[in-house]
Amino acid sequence: MAAAAAELAGLFAVYKPAGVAWGRVREAVETRLLRELNAAPGRAPRQQVRFLPAPGGAVELVAARVPVLADHPLVRGPRFRKLKIGAGHRLDVKASGVFVLGIGHGNKLLTDLYNCHLTRVYTVGGLFGKATDDFSDTGNLVEKTTFDHITREKLERILAVIQGTNQKALLMYSNIDMKTQEAYELAVKGLIRPMGKSPPIITAVRCLQFALPEFQLEIHCLHETQQYLRKMVHEIGLELKSSAVCTQVRRIRDGVFTVDDALPRTQWNLQSIQEAIWNCQLKVETELEKTLGHGENSLLHQLDGDTAEHGQS
Amino acid sequence: MITAVESRGECPFSSMGLPSMGHGRPAVQHPPGEGTAGTAPAGPGAGHRPSPCPAGTACAPRLPAPRGGAAAPRGGRAPGEGEGHEAEDGEAEEGDGVRAVEELQRDVFHLLLVDHAEVQAVVYVVLAEGPAPHARHHLAPSLPSSQRSCGFAGRRGPDRPGADKPGPKQPGRPPVPCPAERAERGSAAPAAPRGGDRPAAPTRRGREQRSAGGGEAWPHRPFRTRKEKDAAACSPPPSPSEWSRLGRAGPRGAHVGRAGPCGAGEVPDAVLRWTMAVWARQVSRWCCLLNTARAVEFPRGLRSGGCSARACRGFAPLAGLPAGKEVVLCRLQAYRQVSVGSCSPPDSAKGGSLSSPESNLPSVQQEQTKAEILPDLNAKILDEDWDDIPPSSALEVISEEEAVQIIAEPLLPIQSSTLRDYVDHSETLAKLVHLGVDLSQVEKRRKAGQLLLTLDFEKDVKKILLFLKDVGIEDNQLGPFLTKNPYILGEDLEALETRVAYLKSKKFGQSEIAQLVSRAPYLLLFSVERLDNRLGFFKNELGLSVKKTKDLVIRLPRLLTGKLEPVKENLQVCQIELGFQRNEIQQIVFKTPKILTASKKRLRQTFDYLHNIMGIPHHMLTRFPQVFNSRLLRIRERHMFLAFLGRAQYNPAQPSYISLDQLVSLPDEVFCTEIAKASMQDFENFLKTL
């Protein structure tokens, strides 16, 4: 019903599988939702009064209430033909992970979320020993190297260097005067970050697994692209005097949406999406309010009001 | 009349070098095509030769003798006036004219002829009046005076009040009450420059012959400029005097007369001819429209406004009408009920969406009302003066039957991008909806909606539906079938039956043919040669036996209706890139014909994953070709899950073997529990780690 389509508004996250373009994911979700919305019975056709010739050849007209055929579902077509589904931070074809989508009015929140400039967390898998032209393991081989000399310690040293340089960039692009009290308070809370455009910045890197020749990193970053992360893996290999390719880029957190909130492919249906929207609503509004300081009619205010009343009574 | 013509001897126009068609032919009836044959001067006339009036062809045989003789002499006259009209009136005497009138009164069809004849007569008059000497002859001379008189007399009663009104430039000639005289005058006019003397008929005829013989007529003048054309159209006969006296010959005469005062300029003959041709065409079209116009069923008195408005709207797109068309329409509306059944449906004439819904809508009702209305009006109309139709009054008393048949609904849109606007008013569309045809899909196809609107359920659609049922399509399948292929409703039944007979001759069983047709809805639109070629193609390419090819085609009838190039390319891919042997390819194709229509990129990717990453050899893939039909994503996820669990064992020789078809074809829950021996939740969690 139209009510169902109107109720479906908000933000939710799906888990994008690797090997599929993000547009296809968005269309698949839209198609499944439309199928379910159109399957629900629609309005009954309007009735009209027509004066038909009486049966039996009598010369008179009989008033009859007949349904208007123009409202018949076969004539009208499906009730819902499109849904407004917007995409948050995109993932390229080889990457997988948390992919935020907005429906209906939730698309406006997408813009707000973008303006919050929240960090994203990736799990990046790498392989030492070869280098390719597009930095991933499916590209054309450029060179092969040895990697026996690499140890975890060396890797972590390199990661620390990366993190250090990126920290400086972070402070520079955040446009905050470091000598103020506000800057100190923000830094204590960890809220210093660029609130405008900036090149990709890595706020934190750590090594999750290390088993030659494979290794896995966890990267917290801002304004990045997945290809940038693959390039970073390649450069790590170069820094370690070897070479590396990136085997996997997987986003495990996008702002306030985590892998637990993301819906796998088997759960891309109306009910699961509605639940996901409901579950994430509070988180999103909290974050938005914290960062952008707006949202008078948000749930948070309602909750505050309730608790205040509760406290007073 | 034959006698009349022959007595005259050689056709008066022979000297003019007119084409021999129409000359000296004994015109008993109006042999079809003669009138148009008479559209003589091949040069300029050729361009304007309009299509013969469909009504005219039907009317022609009915026309009594008085008109017969006309054919010959008329050569070259009004091109485009179908045969009935040209005042073929041979040398009919006045008496003949009166007889013709009586006969006409008995025959409905003649009404149409009458119309045409009037136009013709008008034409003559117009041309006769023309000051330009050259302009005058070209239609006029061919028409013996008596013809015209016949035409006039037949058409209207003796009294024509309008006729007596003198025109502005009347040179003071006394009005002519008698039709014969009028006709004479009219006939005299073309011959005489500036309507000079009015001698007796023979003299006039002589004059005509003289003038005709003089060779001045029929100058093969090319078309002048559009300005002249328009001028000609707007300004009919240069001297309206004769005009008014002759009475505006019928409604068309009226217009012409009316258009007259615009300015009697020179009227180039070719332009006039074109004008007349256009008018005649219009007349024929209007007559056709009369049959199917919705208003036919309305009582004569009541239908004035809306229908004429619609008619006007409908006629608006018809270009080339001279000024005064509105008048014509108003006149015509009165005669709308003269439904001459012989006219072909207006669809061909108009071809717009206007006519289609209109023609389709009340088609059922028209038939039943036509019969009762015709006899009533027939006599009425003939008795009346066409200039004198009283406006219909709302207080007019009508019978119950007529009252019941009035339908006062808002007008349908002329154009619409959806069938929703017409479905409530069209019997065909309503019945199709009840059958289950999805009109919202059909209207997206090219020209399919238009086709459905032009079809009539009883006449066209029913035959095809019964045919489809005979072929073996179930009732509940008819709707989806027609949704996918609405064009079959416009097909010729014989052709369809030929194709089914061809399939039967190829030893396809009845149920198999039903399956073929229902799963490939476009199959029956293919000609027999095409079907033959395609069957031969598959047989040759795949190298299968005839029986196996037939089985293959029955399994996937889409092969016969799809393109053949991609099939060839897929076979090449399988052989060269994927490395299958020919017999392996045959086996694969026989088991999963869909591989022939799969996309090559997907085929390569799937094979690459199966063979290189999962490590499945060729012979296993030949045994389970259905893996090629499934999505690569699905195969990958399931394989990685099994690999994660350590159960990815595809070698039948070893224990805990998992067959490929189970891998791909089972639904998720069954796969998880049976094959992977894990829960759905584990599978989903695993999916999120990929």
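The values are calculated or read from the model by the stated rules, or taken from the named source; none is laboratory data. If you're wondering where the values come from, they're calculated on a predicted model, not measured in any experiment. Backbone-built Cβ (ideal geometry, glycine too); neighbour counts: all protein chains shown. When the accessible area is computed, the model is the full protein with side chains, heavy atoms only, and any ligands, DNA or RNA have been set aside. Shrake-Rupley method; radii C 1.70, N 1.55, O 1.52, S 1.80 Å.
Taking both sides together, what accessible area is buried at the B/A interface, probe 1.4 Å, expressed in Å² and rounded to the nearest 100?
Values: alone 28490 and 17920 Å², together 44100 Å².
Protein heavy atoms only, the B-A interface buries about 2300 Å².
I need the shape label for the range B:587-683. Rule: rounded when a/c is under 1.5, else prolate if a/b > b/c, else oblate, with a, b, c from the alpha carbon gyration tensor.
On the way: a/c = 1.85, a/b = 1.56, b/c = 1.18.
Judged from the Cα gyration tensor, the range B:587-683 comes out prolate (a/c at least 1.5, a/b above b/c).
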Total lysine pairs whose alpha carbons fall under 13 Å of each other in the range B:532-612 (8 or more apart, or interchain): 6
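Per the helix-only calculation at 222 nm, which mean residue ellipticity applies to chain A, given -39500 (n - 2.57) for every DSSP H run of n ≥ 4 and division by its residues, nearest 500 deg cm²/dmol?
Details: 9 runs with 121 residues, N = 313.
Dividing the helical sum by the residues of chain A leaves -12500 deg cm²/dmol.
Probe radius 1.4 Å, ligands and nucleic acids ignored: give me the carbon and sulfur share of the accessible area of the range A:1-109 as a rounded percent. Display every interim value, and only then the final one.
On the way: 3380 of 5770 Å².
On the range A:1-109, the fraction of accessible area on carbon and sulfur atoms equals 59 percent.
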Residue B:547/residue B:491 FRET efficiency (R0 25 Å; Cβ-Cβ; nearest 0.05): 0.25
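If R0 is 25 Å, what FRET efficiency do you get for residue A:62 and residue B:431 from their C-beta distance, rounded to 0.05? Mind showing how you got there, number by number?
Working: r = 21 Å, r/R0 = 0.83.
After rounding, the FRET efficiency stands at 0.75.
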Rounded to whole Hz, the Karplus (6.51, -1.76, 1.60) HN-Hα couplings of the range A:194-207, x for glycine and proline: x, 9, x, 6, 7, x, x, 10, 9, 8, 7, 9, 8, 8
List of the range B:664-690 residues, accessible area with partners at least 50 Å² below that of the chain alone (1.4 Å probe): B:684, B:688, B:690
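Just the number: Rg to Rh for chain A, Cα atoms, Kirkwood Rh, two decimals.
On the way: Rg = 27.5 Å, Rh = 23.4 Å.
Looking at chain A, the ratio lands at 1.18.
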Top of A:40, A:18, A:70 by mean-square fluctuation, Gaussian network on chain A, Cα under 10 Å: A:70
More than 13 Å apart - percent of Cα-Cα pairs taken over the range B:567-613: 53
Proximal lysines relative to residue B:463, as straight alpha-carbon distance under 22 Å, when same-chain residues fewer than 8 apart are discounted: B:431, B:447, B:484, B:504
Partner lysines for residue A:283 [C-alpha distance under 25 Å; skip if fewer than 8 residues away on the same chain]: A:16, A:84, A:108, A:189, A:197, B:688
Euclidean distance of C-alpha centroids, the range A:35-109 and the range A:181-247, integer Å: 48
Cross-link reach list, lysines versus residue A:144, counting only Cα pairs under 24 Å and skipping chain neighbours closer than eight places: A:94, A:130, A:154, A:231, A:241
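Going by a ≥ b ≥ c, the root eigenvalues of the Cα gyration tensor, does the range B:450-577 fall in the rounded group (a/c under 1.5), the prolate group (a/b larger than b/c) or the oblate group? Working shown, then result.
On the way: a/c = 2.37, a/b = 1.91, b/c = 1.24.
Since a/c reaches 1.5 and a/b is larger than b/c, the shape of the range B:450-577 is classed as prolate.
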³J(HN,Hα), Karplus 6.51/-1.76/1.60, whole Hz, each residue of the range A:253-261, x for Gly, Pro: 8, 10, x, 9, 9, 10, 4, 5, 6
Minimum 30 Å² accessible area buried by the other protein chains, the range A:30-76 residues, probe 1.4 Å, relative to alone: A:50, A:59, A:61, A:69, A:70, A:74, A:75
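Can you divide the C-alpha Rg of the range B:393-509 by 2.2 N^0.38 Å and report the result to two decimal places? Each step should come with its number before you reach the end.
On the way: Rg = 18.7 Å, N = 117, 2.2 N^0.38 = 13.4 Å.
The range B:393-509 yields a ratio of 1.39.
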Under Karplus coefficients 6.51, -1.76 and 1.60, residue-wise ³J(HN,Hα) of the range B:492-505 in Hz, glycine/proline x: 7, 5, 5, 4, 4, 5, 4, 5, 5, 4, 4, 4, 5, 5
Rg/Rh (Cα only; Kirkwood hydrodynamic radius) as it applies to the range B:480-550: 0.98
Residue A:152 accessible area, 1.4 Å probe, all protein chains in place, Å² to nearest 10: 90
5 angstrom amide H check on residue A:204, placed H, neighbours 5+ away: A:220
